[in-house]
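A short worksheet on the structure shown next.
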Amino acid sequence: MPLRDINDLERLKKINAALVSRVERSMDQQGNAFSLFQTAISLENRVRNRTEELHATLRRLEQSNIDLSAAKENAELANLSKTRFLAAASHDVLQPLNAAHLSVSALAEVQISDEGRKLVRQVERSLETMEDLLRTLLDISKLDAGVVQPEAGDVSLEALFSSLRSDFLPEAEKKGLSLKFRPVNVVVRSDRTLLRRILQNILSNALRYTRSGGVLVGTRHRGDTIRIDVADTGCGIPEDQREAVFEEFHRGTSTLADAGLAGAGLGLGLAIVRRMAAALGHPVTFSSKVGRGTIFHIDVPVGMAAAEPATAIADMDRPRGYGLFGTKVLLVENDADVLSAMTSLLERWQCLVRAATSTDDALDLLGDTAWVPDIIIADQHLDGGDLGTATIAEVRDYLGRPVPALIVTADGSEPVAKAARSAGIELMRKPLKPAQLRALLAHLLA
């Protein structure tokens, strides 16, 4: 019905109100829709901004990771370079140090006065301190660089203890201390060289910081583990220094000063112990009472092989009279000073020495069929890139028999040790201790 045909005023009002209400609802809906539209646009912008910020943050993190990775790689390369440098420098320094050791040993044998012997001994102590410091710094560098890879094997503790007793008993007796190793017929799983160094350093500290009493080494079986205990009656370690003793160049100043031992040692022994024990996975702990002593504990896994008698090692530790008189020695060494000092020392022991600097020189010396060496002593790194292990192999082939042989080298790397072991060649590190060299030669010739 057209509006003009409606005469009822009230009805017109109702229709008008209905129309106004419809218009208002329509406007509200449009307003809500517009508001939602604006909200959506605002949210989209915020999401876009946050996404861009997140991408920017991720890009920065990615770049930071790249930078950190590059820095880590550079640090590792620098560390390895440092290790190689120290290894090379140590080799170069150990060569003249070895010559000095040998020369001083030869000098000691011709001294007839007490004053002369005293001066020789002072020089020997200085050389030994220099050697210990160089070897320790090189060991720390290698361990920090992660280039030392332990070779786990079955290690006879009785044989190891016998060897350590032979090394440290003279020092203990000189200080008036007792040094006892409880007998133990057990095999552990470890790297023999590293485990020996750990015990060496702990024993050295124990004897150094003990004024009276002594040191006792024993073991306890704890399930699948053998606990090695090294107990001393020394000055002890204060509670506030329990962690610091494993730091480089720490020497427990207050306690040691009270005990009259301040300044003893280099403070590197336990730093080496911690690093080597970590490389082996052998926990090292200790208990200590100031003024009463310290007990170090090393937990080592039980070995898989049955324990064997250590008679062969024990025999090695006992000199056999040094029957070196008239022994024919083929000496292969390319360092002139070391060659001269070694020749002089061997001749003082009544050996007959023929010297060479390379494989060809050594083979030329064998042209005289009347002269066949009883033993070969060779450096590992010779002139012309020759290796001592290869030289020994060629000499043995030429002679047609396995002549006893010894590699004497300042190269402490594991590949050299492996090459010597696989060829049945004994190995000694420079600088040599003449007494140990003499004992080993007597053992090889027996």
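The values are calculated or read from the model by the stated rules, or taken from the named source; none is laboratory data. Values in this document were obtained by computation on a predicted structure and should not be read as measured data. Ideal geometry is used to build each Cβ from the backbone, glycine not excepted, and the neighbour counts take in all protein chains shown. Side chains included, ligands, DNA and RNA excluded: accessible areas come from the protein's heavy atoms. Shrake-Rupley method; radii C 1.70, N 1.55, O 1.52, S 1.80 Å.
Okay, here's what the table says:
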{"item": "Top-ranked residue in the stretch 322-338 [being under 16 Å from Thr389 (Cα atoms) and in a loop (DSSP other than H, G, I, E, B); ranked as modelled with the lowest pLDDT]", "result": "Asn334"}
{"item": "Failed condition for Leu256, given (1) surrounded by 17 or more Cβ atoms within 10 Å (Cβ to Cβ); (2) in contact with a Cys (Cβ under 9 Å, 6 or more places away or on another chain); (3) modelled with pLDDT of 80 or more; (4) over 18 Å from Val230 (Cα atoms)", "result": "(3)"}
{"item": "Pairs where the first residue, in the stretch 403-429, is within 15 Å of Arg135 (Cα to Cα) and the second is open to solvent by less than 60 Å² (accessible area, probe 1.4 Å) and charged (D, E, K, R), C-beta under 6 Å, 6+ apart", "result": "Thr409/Asp379; Ala410/Lys430"}
{"item": "Residues that are at pLDDT 90 or above, in contact with a helix residue (DSSP H, G or I) (Cβ under 7 Å, 6 or more places away or on another chain) and within 22 Å of Thr343 (Cα to Cα), drawn from the stretch 407-421", "result": "Ile407"}
{"item": "Enumeration of residues in the stretch 274-294 that are exposed (fewer than 14 other Cβ atoms within 10 Å of the Cβ) and outside any strand (DSSP E or B)", "result": "Ala278, Gly281, Pro283, Gly291, Arg292"}
{"item": "Of all residues making up the stretch 46-75, the number that are open to solvent by 90 Å² or more (accessible area, probe 1.4 Å) and under 30 Å from Asp139 (Cα atoms)", "result": "4"}
{"item": "Residue pairs meeting the criteria (Cβ under 7 Å; at least 6 apart or on separate chains; first more than 19 Å from Gly293 (Cβ to Cβ), in the stretch 218-245; second open to solvent by 20 Å² or more (accessible area, probe 1.4 Å))", "result": "Asp224/Pro301; Asp224/Val302; Thr225/Asp299; Thr225/Pro301; Thr225/Val302; Ile226/Val186; Ile226/Thr219; Ile226/Val302"}
{"item": "Looking only at the stretch 337-354, and only at residues there that are open to solvent by 90 Å² or more (accessible area, probe 1.4 Å) and closer than 19 Å to Ala435 by Cβ, the one that is farthest from the chain's Cα centre (by Cα)", "result": "Gln350"}
{"item": "Residue match in the stretch 185-201 (condition: in a helix (DSSP H, G or I), open to solvent by 10 Å² or more (accessible area, probe 1.4 Å) and over 20 Å from Met276 (Cα atoms))", "result": "no"}
{"item": "Identity of the residue in the stretch 364-389, surrounded by fewer than 16 Cβ atoms within 10 Å (Cβ to Cβ) and among the aliphatic types (A, V, I, L, M), that ends up nearest to Asn98 (Cα to Cα)", "result": "Val372"}
{"item": "Top-ranked residue in the stretch 208-248 [being surrounded by fewer than 19 Cβ atoms within 10 Å (Cβ to Cβ) and among the aliphatic types (A, V, I, L, M); ranked as nearest to Val273 (Cα to Cα)]", "result": "Ala244"}
{"item": "Odd one out for Pro150 among (1) outside any loop (DSSP other than H, G, I, E, B); (2) under 19 Å from Ile272 (Cβ atoms); (3) open to solvent by 30 Å² or more (accessible area, probe 1.4 Å)", "result": "(1)"}
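Table: residues versus (1) modelled with pLDDT of 55 or more; (2) of a type outside the set (Asp, Glu).
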site	(1), (2)
Asp229	yes, no
Asp232	yes, no
Glu239	yes, no
Arg242	yes, yes
Ala262	no, yes
Ala271	yes, yes
Met276	yes, yes
Thr285	yes, yes
